[in-house]
1. Say we look at the range 26-51 and pick out the residues that are assigned to a loop (DSSP other than H, G, I, E, B) and in contact with a strand residue (DSSP E or B) (Cβ under 9 Å, 6 or more places away or on another chain); which of these is surrounded by the most Cβ atoms within 10 Å (Cβ to Cβ)?
2. Being under 24 Å from THR225 (Cβ atoms), within 16 Å of the ligand (Cβ to nearest atom) and in contact with a strand residue (DSSP E or B) (Cβ under 6 Å, 6 or more places away or on another chain) is the requirement here; does HIS87 meet it?
3. Can you pull out every residue in the range 116-172 that is under 18 Å from PRO350 (Cα atoms) and away from the ligand (no atom under 16 Å from the Cβ)?
4. For residues that are more than 10 Å from the ligand (Cβ to nearest atom) and either crowded, with 24+ Cβ neighbours inside 10 Å or at pLDDT below 95 (or both), scanning just the range 212-231, find the one that is farthest from ASN34 (Cα to Cα).
5. Restricting to the range 232-269, and then to whatever is away from the ligand (no atom under 14 Å from the Cβ) and among the polar types (S, T, N, Q), can you tell me which residue is farthest from ILE202 (Cα to Cα)?
6. Just to check your reading of the model, which residue among ILE156, ILE136 is among the β-branched types (Val, Ile, Thr), at pLDDT 95 or above and not in a loop (DSSP other than H, G, I, E, B)?
7. Sort out which residues of the range 291-320 are touching a helix residue (DSSP H, G or I) at 6+ places or on another chain (Cβ under 7 Å) and among the polar types (S, T, N, Q), and write them in order of number.
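The values are calculated or read from the model by the stated rules, or taken from the named source; none is laboratory data. Since we're looking at a predicted model, the values are computed, not measured. Note: ideal-geometry Cβ built from the backbone for every residue, glycine included; neighbour counts use all protein chains shown.
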Amino acid sequence: MLTALEQYDPQIYELVRQEGARQSACVRLIPSENYVSRAVMQASGSCLTNKYSEGYPGKRYYEGQQVTDLIEVVAQQRARKVFKAEHANVQPYSGSVANLAAYLALAQPGDTIMGLALPHGGHLTHGWKVSVTGKIFKSMQYGVSPSTGRFDYDQIRDLAKKNRPTIIISGCTAYPREIDFDIFGQIAKEVGAYHVSDIAHISGLVVAGIHKSPVPYADIVSTTTHKTLRGPRGGMLLCKAEYAEKVDKSVFPGLQGGPHMHTVTAIAVALAEADTPEFGEYARQIVKNSKAMAEKLLECGFNLVSGGTDNHLILIDLRNKNIPGKKFAKALDRARIVANYNTVPNDPAPPANPSGLRLGTPAITTRGMKEDQARQIASLIASVADNIDKESAIEQVAKEALLLCSQFPVPDHFIIPNKENRIIS
Ligand SMILES: *Cc1c(COP(=O)(O)O)cnc(C)c1O
């Protein structure tokens, strides 16, 4: 495939090669990123990209669905199995569209939705003002407790009672602690709201049974497929049978046209991979690595939101270090450690240059790194902070990060094993 690309379009080939090299020669800590397997990559790059399949298996609007119907049914069955859900829709193009589809399955424009505010770790699509979800719905936002950095469920209950939302959203994009979906479900019941749970970040941990699943406690569960779940970029909705028709109609024809069948195919492969003991082991190691990294960061004098982590991600509050988030993220990038700047709860700084840094361990764990390497990376991060204006020291960290990458190459079955993925320095 890449040989054809190399022959036909050397310019783009070269850029793909460079990105492959970057991904193998950097310590990737963005918690929403991962490395997919070669099998997922092959399915995603397959001839299924050529097919239009508007509708659902058995009810399509185009002919020629002998194979696509079989593939989508397998993807649905695997999704239902690993998430223990009554119904699965595997067509959403991404997590954002999946969320919008979930809301529109249960509420009308103008109704009230209540989600976690973005600066507190919520996602844009949980009703933040610049997102369409904050414009077509009346959006109420809850936050985390300023003292603990965690949910104060009594406060969320009070807010729900006062505002009587149609939908309460649980789930986050930058919350380092386990979420009590059970309580969110209770609160929703008490106020007569629907409960939509968005597990985009933690779905791999949920499948592995490490974090409690929201499936029994939510009316609709939304997820991406490309974060800890380690599949292709895509989205998915899970729900009880009673909402199946509403969910399906909301995705198509409500929001989308033809599903991306190459992605649906790759989702099926990723779900089979997730349904193995090896994946369970992988997911457990993600959390072990994250906890080890958090402990070392605390030892190095970093403040962590909520004081630590229960999951795959860590949120550093940099205010005591006096380093702006953006400056730190850029210095780390030069040191071959890739993370993202992020708001912290009640951040006094603007979102474009916030006071936090978000880190995560899904990708390094796919490379086979364990607690020792997680602690080593924490030390490298600390040395960048200590030398934030000293470029020679940052270069030294980059050398150490590269060495670590060469000791833990992306496993062979996780990349197309030819020259473009070789480590370059
Ligand atoms: C990543 C994320 C999404 C959005 O997913 P996209 O595929 O980028 O649209 C939605 N919700 C949460 C909680 C996320 O973390």
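1. Going through the qualifying residues, I end up with PRO31.
2. Values: under 24 Å from THR225 (Cβ atoms): yes; within 16 Å of the ligand (Cβ to nearest atom): no; in contact with a strand residue (DSSP E or B) (Cβ under 6 Å, 6 or more places away or on another chain): yes.
Here the answer is no, as HIS87 does not meet what is asked.
3. LYS129, PRO146
4. From the range 212-231, those more than 10 Å from the ligand (Cβ to nearest atom) are 212-221, 228-231; that's our starting set.
Pick out the ones that are also either crowded, with 24+ Cβ neighbours inside 10 Å or at pLDDT below 95 (or both) and you get 214, 218, 220-221, 228-231.
Numbers: PRO214: 23, ALA218: 27, ILE220: 25, VAL221: 22, THR228: 7, LEU229: 9, ARG230: 6, GLY231: 9 Å.
Per the criteria, the residue is ALA218.
5. Step by step, filter the range 232-269, then rank; the result is SER250.
6. Values: ILE136 fails: not in a loop (DSSP other than H, G, I, E, B).
After applying the criteria, what remains is ILE156.
7. ASN303, THR309, ASN311
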